[in-house]
1. Please enumerate, by chain and number, the aspartates and glutamates with C-alpha under 20 Å from the C-alpha of Lys231, excluding those fewer than 8 residues away in the same chain.
2. Nearest 5 percent is fine: what portion of the DSSP beta bridges confined to the chain is antiparallel?
3. Among Asn165, Asn312, Asn320, which one moves the most in a GNM of the chain with springs linking Cα atoms closer than 10 Å?
4. Can you give the FRET efficiency for Ser218 and Glu313, using 1/(1 + (r/R0)^6), R0 = 35 Å, r = Cβ-Cβ distance, to the nearest 0.05?
5. Which helices of the chain meet both criteria: a Cα extent of 15 Å or more along the helical axis and a mean Kyte-Doolittle score no lower than -1.0, with helices taken as whole DSSP H segments?
6. Over the stretch 221-290, calculate the relative contact order: mean separation of alpha carbon pairs under 8 Å at least 6 apart, over the residue count, as a percent.
7. State the extension gain, in nm to one decimal, for the chain segment bounded by Lys272 and Ser93, taking 0.36 nm per residue of separation less the distance between their alpha-carbons.
8. May I ask you to derive the FRET efficiency for Lys135 and Lys334 from their Cβ-Cβ distance with R0 = 25 Å, giving the value to the nearest 0.05?
Amino acid sequence: MEMLPLVHCSLIIHHYICTSINTKNIKMKITVVGVGAVGATVADNIARKELSTELVMLDVKEGLAEGKAQDMMQTAALLGFDTKITGVTNDYSKSAGSDVVVITSGIPRKPGMTREELIGTNAGIVKSVCDNILKHSPNAIIVVISNPMDTMTYLALTSTGLPKNRIIGMGGILDSSRFRYQLSQHLGCSPADLNAVVIGGHGDTTMIPLIRFATWNSTPVTKHLNADQQKQIVADTMVGGATLTKLLGTSAWYAPGAAGATLVEAIVRDEKKLIPCCVSLNGEYGQKDICMGVPVVIGKNGWEKIIEFDLNEEEQAFFNKSADAVRNMNNVLKTL
């Protein structure tokens, strides 16, 4: 039998060790608050990827988190993960020491509803969740999925007083995934071969799919699509969530759940990935005192820096208009 050279053996061993460290030895605790369809899907993806040694699922509905946690744990032998999943009803003490907390709490959209219409109910829920989480996990990074996401992220930041890098809204990564899907349908290619970014507010009229920057394996997609196709892709991306709500009768959950887990993975693994997320702006893209979707580098400390794209005049005008709409929603918080 031919023997491998020593240097090859060393590389294989090094790769095995690094892979083991990245997957099996992550000493993290993650809590998901709100285990409806989106929250449960986030948790399921986190468990399958073994992003934590301990995963806590928390909900206000008696038995819901416990039941879903048991159901997921019964897949461990089938799927081969070792994450310990615990479900609890409204007992935040069980979340103590969490490194990352994902908040999906709140009422979901129904057909015909905008994300903005949820603000009155969901604001009180998100603020209460943040207060309870920080009593037991003062060093946690908080990922906000609850809608209206930009305003709920702003509320989490202003109500907790946490460093801004530890509050991240999960909107842009989902919208960008939907953008890539729409592009792939017109180009007849794999979404994985596309790079496409959505910035601005996470709303049907406020998000901005930057088709000018989108590429198909480094080739601008605008070279392969006519003007009408480009307009259609942008329009379909912007109403992607509403389209699914109309079809499903409630908010989507597979893509939002996967997007949330992908963001958590970038934090846990310190991946330094450039991901569109809702974060606090202080002059970037011409805006201050607001949380909006922009490309940011994500790592173990939360979001680390904002990358500013060179927007043209039209794109900047769209971003400013989006900011005005988000700021108007934020002002509603003052009346609650």
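1. Asp175, Asp204, Glu313, Glu314, Glu315
2. Numbers: 23 of 45 bridges.
Bridges in the chain are about 50 percent antiparallel.
3. With Cα springs under 10 Å in the chain, the top fluctuation among Asn165, Asn312, Asn320 is at Asn312.
4. On the way: r = 26 Å, r/R0 = 0.73.
E between Ser218 and Glu313, to the nearest 0.05, is 0.85.
5. On the way: long enough: 6-23 (26 Å, 0.97); 37-48 (16 Å, 0.63); 119-136 (26 Å, 0.34); 149-160 (16 Å, 0.40); 172-187 (22 Å, -0.51); 227-238 (17 Å, -0.66); 254-268 (21 Å, 1.19); 313-332 (29 Å, -0.97).
Those that pass (Cα extent of 15 Å or more, hydropathy at least -1.0) are 6-23, 37-48, 119-136, 149-160, 172-187, 227-238, 254-268, 313-332.
6. Once normalised by length, the contact order is 11 percent.
7. Details: separation 179, 0.36 × 179 = 64.44 nm, distance 3.10 nm.
Result for the pair: 61.3 nm of gain on full extension.
8. On the way: r = 25 Å, r/R0 = 1.01.
With R0 = 25 Å, the Cβ-Cβ based efficiency is 0.50.
The values are calculated or read from the model by the stated rules, or taken from the named source; none is laboratory data. Predicted, not measured: the structure shown is a model, and the values here were computed from it. Positions of Cβ are generated from backbone atoms using ideal geometry, with glycine treated the same way; all protein chains shown enter the neighbour counts. Keep in mind that these areas ignore ligands, DNA and RNA; they rest on the heavy atoms of the full protein, side chains included. Shrake-Rupley method; radii C 1.70, N 1.55, O 1.52, S 1.80 Å.
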